[in-house]
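Structure record follows, encoded as structure tokens.
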Amino acid sequence: MPDALDLLKTRRSVKPMEMIGAPPSDAEIDTLLTIASRVPDHGKLTPWRFIVFEGDARARAGEIIAQVFARKNPQAPAADIDVEKRRLMDAPLVIAVVSFTRPHPKVPAWEQELSAGASAMNIVTAATALGYGACWLTGWFAFDRDVLDGFGLKPDERLAGFIHIGTPSKPSEDRPRPALSDIVTRF
């Protein structure tokens, strides 16, 4: 396991199309989800939950995405519909982070949404620590109510994103990062 600070300083997203191999084991998935649940959560509201897409579940999810896309885009060519079917097929494991808020006198919705985001980032970081590549993505279908209903989300739930996880097929290239002098002020 890499040193925690080195891991955080060098973590990179891996494109799902560049992921290969078997998904993490059941024990590793449990580890990812346990770490995902260890985030700041003011009021202990647990304003997130997870949907695991592995194996055939990725294709079943793709069918839902493609059906909604085809219904909303009746002129779409078959090739475009096929692209939608494959949205969750590149990585061997995809974990959706579902976000919802609960009315609370001391915990604003914004804090609850940030907790869901922290949960997603913990999955990305933990997957990297386990030696996998990870990428946090959304896409049109993460915001489409018909797709969300098809995935079993309740009306008050939204998707913080899909975390694609697999073994990188090649080293990831880093992207330019902001200079601290451009993003930091001292009060």
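Run the numbers on the chain and let me know its relative contact order in percent, using alpha-carbon pairs under 8 Å that are six or more apart. It comes to 34 percent, rounded to a whole number. Give me, ordered by chain and number, the residues 5 or more places off VAL98 or on other chains with an amide H under 5 Å from its own placed amide H. Here the answer is ARG49, PHE50, ILE51, ALA160, since their amide H atoms fall under 5 Å of that of VAL98.
The trypsin sites (Lys or Arg not before Pro) of the range 66-121 that meet both conditions, a loop assignment by DSSP and at most 12 other Cβ atoms within 10 Å of the site Cβ, are LYS106. Cross-linked pairs LYS9/LYS106; LYS15/LYS72; LYS15/LYS85; LYS85/LYS170; LYS15/LYS170: Cα-Cα separations exceed 22 Å for LYS9/LYS106; LYS15/LYS72; LYS85/LYS170.
Please identify which residues in the range 141-168 have an amide N closer than 16 Å to a label point set 7 Å out from the Cα of LEU45, following the Cα→Cβ vector. In the range 141-168, the label zone of LEU45 (backbone N under 16 Å from the point 7 Å along Cα→Cβ) covers 156-160. In order along the range 151-159, phi translates into HN-Hα couplings of 8, x, 6, 6, x, 8, 9, 10, 9 Hz, rounded to whole numbers, per the Karplus curve 6.51 cos²θ - 1.76 cosθ + 1.60 with θ = phi - 60° and x for Gly and Pro. Over all directions, the projected convex hull of the C-alpha atoms in the range 1-107 averages 10.1 nm² in area. Phi-derived couplings, Karplus 6.51 cos²θ - 1.76 cosθ + 1.60 at θ = phi - 60°, listed residue by residue for the range 21-38: x, 6, x, x, 5, 4, 5, 5, 5, 4, 4, 4, 6, 5, 5, 4, 8, 9 Hz, with x used for Gly and Pro.
Mean-square fluctuations from a GNM of the chain, with a 10 angstrom spring cutoff on Cα atoms, peak among GLY43, GLY161, GLY133 at GLY43. Beyond 16 Å, what percent of the Cα pairs of the range 94-187 remain? In whole percent, the share of Cα-Cα pairs in the range 94-187 beyond 16 Å is 66. Global dimensions of the range 143-187 from alpha-carbon coordinates: Rg and Dmax equal 18.6, 47 Å. Comparing SER172, SER119, SER25 in a Gaussian network model of the chain, where Cα atoms under 10 Å apart are tied by springs, the biggest mean-square fluctuation is seen for SER25.
For the chain, the ratio of Cα radius of gyration to the globular rule of thumb 2.2 N^0.38 Å stands at 1.10. When the convex hull of its Cα atoms is viewed from all sides, the range 64-143 shows a mean projected area of 7.0 nm².
Bear in mind that the values in this text are calculations on the coordinates, not laboratory data. No experiment lies behind these values; they were computed from the predicted model shown. Here the Cβ is made from the backbone with ideal geometry for all residues, glycine too, and neighbour counts use every protein chain on show.
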